[in-house]
Amino acid sequence: MTTTTLPAQPQLSARRRWTVLAVCCLSMFLVGLDTTIVNVGLPAIGRGLDVDTHGLEWIVDAYTLVLASLLISSGALADRFGRRRVFQCGLAVFGAASLLCALAPSAGVLIAARALQGVGASMLSPVALAIVVNAMPDPKERAQAIGIWASVFGLSMAAGPVTGGALLAVLDWRALFWINAPVIVAALLLTALFVPESRAPRARRLDVPGQVLLTVVLAAVVGVLIEGPRIGWTSPAALAAYALGAAATAGFVWVESRRREPLMDLRLFRRPAFSGAVVGAVAAFVALSMTLLLNTLYLQHTRGWTPLATGLATLPLAVGATVCAPWSGRMVGRTGPRLPLLLAGGFITVGALFLVRLTPHTSVFLLLAAYAFIGIGFGFANAPITNTAVNGLPRDRAGVAGAITSTARQLGSALGIALAGGLVVAAGPSELAHASRPGWILVATCGVLLLLIAHPSRPKQAATGPAAPSAR
């Protein structure tokens, strides 16, 4: 295989390095924001486009499914053709898709545009961290930068409902997508001015069969969860989806185990710590996405709150995630991932247990306390999961490990939406609180899973921060 490498780049000045980090964080804020900003606007979108709950779930999950499916391949493309070039392409696709979302005349067009947004986002999420890693040669500075990057992504996920509620207070649901335009323009300009081009020393081959099979697996799993309540869990269509998912999974494992450069290195799953990190990534994002969707539907449909009030109710969650994410990164650097993982699992579990007896008249104080606890837990979760996934691996495998955990996060988001929607799809406003109780039990279970995967830290490795992942 012929590879192309760039000439060695001189080390960037400190100001330039942190400017590069700021530009990458700006793009990551968009990716995370669009994962959750639509949640608070779902009732308004449903009214505007005459969409039922199943359609609303697809509006959210079309984005996260495509993003999860393409993360690893987009990272490989960036390694081959240039990270800045792919990053700029991702910004352009994301921006164009955002405009299509804002102009969508029907639910079908909106779902297709959201999927296109996912294509663009897949070229931002993995490439942004690869750019940061390349710009930060010092391990301690790199660990600090990765911690900031992770905290910005966590903040964007939690801040989505607040931002969406504020926009809906003065504009209609299309503003949820128009807001991306000026940010995209600024990010494109700043990238051209400050972000240096870089490539991997040896670009990985694209694994087209693996990519197709992974997409089919994820679509089959999430699709049957969304459509199951409507079509029936034992209907011919559901049985066909089960068979398709099982066959695609078996095919994916067979293909990946026989390729020299697989899309997903399945040998990594032989490491208990890595497998635990992947489970933890799925669990943390299932908990977050279920919390945000159940919160939106409950507060707006059952209690009659406005989108702005609903968004403001998630402020404790956003604040908890914002404060605790960088704190968690520092804790991982000092003592390893065990303590922040335990805190993450404990806070998420307790917060969810506050709501397992949810009623239409549950006190606002209890709601806000539960959201705060879940936000704190989510803030503590990201840094130790990334560290656990890549710690102790050689640099050439750390990137793949980071890519798989990034995929697991987005899969968790898609699963959380599908599961939450399935629980309340047939519930009226007065029944929604009771129907959502199994969802809060599931969120608590996610917290327990995080407690179970906590493992003893390795101080010597942790002291220099996580290995340098490309986080595809």
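The values are calculated or read from the model by the stated rules, or taken from the named source; none is laboratory data. The shown structure was predicted, so the numbers you read here are calculated from the model rather than taken from an experiment. Glycine also receives a Cβ, built like all others from the backbone with ideal geometry; neighbour counts cover every protein chain displayed. In case anyone asks, the SASA skips ligands and DNA or RNA and just uses the protein heavy atoms, side chains included. Shrake-Rupley method; radii C 1.70, N 1.55, O 1.52, S 1.80 Å.
General observations
- Computed accessible area, Thr322, all protein chains, 1.4 angstrom probe, square angstrom: 50
- With protein chains left intact and a 1.4 Å probe, residues in region 48-130 average 27 Å² of accessible area per residue.
- Within-15-Å neighbourhood charge of Trp18 [Cβ basis; K, R +1; D, E -1]: +3
- Helix 83-103 vs. the chain, principal-axis angle (Cα, 0 to 90°, nearest 10): 20
- 4 °C / 1.567 mPa s Stokes-Einstein diffusion coefficient of region 180-323, Kirkwood radius on C-alpha pairs, µm²/s: 65
- Cα gyration tensor of region 292-378 - equivalent ellipsoid semi-axes, whole Å, descending: 28, 13, 8
- Tilt relative to the chain, helix 53-81 - C-alpha long axis, 0 to 90 degrees, to 10: 0
- When the alpha carbon coordinates of the chain are projected onto the principal axes, the ranges are 63, 45, 43 Å, largest first.
- Per-residue ellipticity at 222 nm from helix content only, as computed over the chain with -39500 (n - 2.57) for each DSSP H run of at least four residues, stands at -26000 deg cm²/dmol.
- Under the Karplus curve 6.51 cos²θ - 1.76 cosθ + 1.60, θ = phi - 60°, whole-Hz ³J(HN,Hα) for region 113-118, x wherever Gly or Pro sits: 5, 5, 4, 5, 4, x
- Note on region 326-376: semi-axes of the ellipsoid equivalent to its C-alpha gyration tensor, largest first and rounded to whole Å, are 29, 10, 5.
- Fraction of accessible area attributable to carbon and sulfur, the chain (%, probe 1.4 Å): 68
- Relative contact order, percent, region 69-174 [alpha-carbon distance under 8 Å, six or more residues apart]: 28
- Cα-based helix-to-principal-axis angle, 338-353 vs the chain, degrees rounded to 10: 10
- Spread of Cα-to-Cα distances over 5 Å intervals beginning at zero, given as percent, for region 107-178: 3, 13, 15, 18, 19, 13, 9, 6, 3, 1
- Comparing region 28-96 with the 2.2 N^0.38 Å rule of thumb, its C-alpha radius of gyration ratio is 1.35 (two decimals).
- Alpha-carbon centroids, region 124-199 and region 216-280: separation in whole Å: 29
- The alpha-carbon atoms of region 211-280 define a convex hull whose volume equals 96 cubic angstrom per residue.
- For region 37-160, the calculated P(r) over all alpha carbon pairs, in 5 Å bins from 0 to the bin holding the longest distance, is 2, 11, 17, 19, 19, 13, 8, 6, 3, 1, 0 percent.
- Cα-based radius of gyration of region 309-455 once divided by 2.2 N^0.38 Å, which approximates compact folds: 1.13
- Area accessible to solvent at His301, 1.4 Å probe radius, in Å²: 90
- Asp50 accessible area, assembled protein chains, probe 1.4 Å, Å²: 140
- Local net charge near Arg199, Cβ-Cβ under 9 Å (Lys/Arg +1, Asp/Glu -1): 0
- The loop-placed trypsin sites (Lys or Arg not before Pro) in region 235-297, going by DSSP, that have at most 13 neighbouring Cβ atoms within 10 Å of their Cβ come out as Arg258, Arg260.
- Rh (Kirkwood; distinct C-alpha pairs) - region 54-94, Å: 11.3
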